[in-house]
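Read the structure below first, then the notes.
The values are calculated or read from the model by the stated rules, or taken from the named source; none is laboratory data. These numbers come from a predicted model, not from an experiment. Methodologically, a virtual Cβ is constructed for each residue, glycine included, from the backbone with ideal geometry; neighbour enumeration extends over all protein chains shown.
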Amino acid sequence: MQTSTWNGSDLSGSLLVAMPSMQDERFERTVIYVCVHNADGAMGLVINRTLEELTLDGLLRQLDLEPSQTLDAPIHFGGPVETSRGFVLHSPDYVHDATLVIDEAFALTATVEVLKAIAQGEGPKRAVMALGYAGWAPGQLDAEIQANGWLSVPADADIVFGRDNDLKWSKALAKLGIDPALLSGEAGRA
């Protein structure tokens, strides 16, 4: 029996920042939090695009969960895969049986239990609610990074959980010391 060994770098818990050369316009100027990256592929959530027509308060009411207070938090477009499926990327102060603890600063829960806890005021202190996710087949994300589609940046809770989505892309680039105005959308050859 032949087994393959994955030699890629684990980007779980990192941010992916779309480069100007990104060919897929669904991901133009996006910042994605990578929840899982391993030999089986990768999964992440877009953290800087929201769904204008839906708020957390509205979603909870659609699910017959009466919030204990008004929750005006936006719902994010998590990515183009399974857009009716919900995910909550949150601080690890809330952990349920189905919670994936990613690292010391982030956890992911994709059950209605976390929404019930949030509605009752017992959820995580910080959270991003998203519908859909971004997914990559084995080796696909690594190939996109090598093709200059993405930069990897250490995750920052203030960027991930911050409310100013328009600044997340430039703030993530600034963590690498990159001025977005100096990036070119053209690939070059040395």
**OP:** Quick one: which helices (runs of 4 or more DSSP H) lie wholly within region 94-171 and hold at least 1 residues that are over 21 Å from PRO20 (Cα atoms) and without any contact (Cβ under 8 Å) to a residue 40 or more places away in the chain?
**Re:** 112-119, 157-161
Original post:
Which of the strands (runs of 3 or more DSSP E) contained wholly in region 1-63 include at least 2 residues that are hydrophobic (A, V, I, L, M, F, W, C) and either modelled with pLDDT under 90 or within 10 Å of the chain's Cα centre (by Cα) (or both)?
Top reply: 14-18, 31-38, 41-46
Subject >> One residue from ALA107, ALA134, ALA157, ALA130 being at pLDDT 95 or above, loosely packed, with under 13 Cβ neighbours inside 10 Å and within 13 Å of the chain's Cα centre (by Cα) >> reply: ALA157
